[in-house]
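Notes follow the structure.
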Amino acid sequence: MRFLLFFCVLFSSQSIFADAYLDLYKQAGWPQQHRHFSSAVQQTQLRYQNTLPSAIYQTLVDNSNKRFAAEAMQQRAQQALRQNLANPTAALTFFQSSLGQKVSAAEIAASHPEQLKRYADGLPSIQADATRRLLIRHLSNALPASQAGAEVTLALGSVAADSLSQMLPGLMGSEQANALLDSQRQRLVSQVDVNIDNTLLHVYQGLSDPELEEFVSFAQSTEGQAYYQAAFKTLQASLRSAR
């Protein structure tokens, strides 16, 4: 009888967690972020339209559409979130709160295609007092923001590279390609890191100092770190080649 009760509780808990993962995925704004990324892919495709022969351009479009198909990206992301976050409860509680929703809305707004177009030449310098700048510095240390920015940039940059590799097989060995990718990743992280505080000041400018402090507390907590580490792996998985 005890074993039967344990068995029922175990599978009931897994079912609840499964729903919690999906709720967290939605509450944290992942579906909207994926839609915004799809728009960025389309804009990247258009930039090559008049500079590549039609056959190569069509290969580029076909490859990137296959790799970044919205449904496939969301499936990979949801699976990775389940695999890398042992317990979604604390993160879900945060993102269901009024502050969590405000954080999610700010991040979604910052990645909107119109916002990216508006600040294509760089963000303006955001003025802030010493207290707010200190909070932002703590936040930038707690969030994998620079690494995430580098991953997105690499994914968009690979749209053309993947197609070139297919058109010219053997152009570069896998070890050489991986070494080049790692080198580019580190370079991009360093570039993003230079302006990360100003970027976060811009993204979260709608948060008051007390709200920002509460956000920092969550991000620095054991539960917050577990979520953001899982979130970074979720991002990587969603952008990974389907091949």
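Observations
- Solution diffusion estimate, µm²/s, Stokes-Einstein, the range 19-239, Kirkwood Rh from C-alpha pairs, 10 °C, viscosity 1.306 mPa s: 85 µm²/s
- Loop-located chymotrypsin sites (Phe, Trp or Tyr not before Pro) across the range 85-164 with a Cβ neighbour count of 14 or fewer within 10 Å are Tyr119, with loop assigned by DSSP.
- Isotropically averaged projected area of the range 78-165, using the convex hull of Cα atoms (one quarter of hull area), nm²: 8.8 nm²
Readers should treat all values here as calculations from the given coordinates under stated rules, not as data from a laboratory. Since the structure is predicted, the reported quantities are computational estimates derived from the model, not experimental observations. Neighbour counts are summed over all protein chains in view; Cβ atoms, including those assigned to glycine, are modelled from backbone coordinates with ideal geometry.
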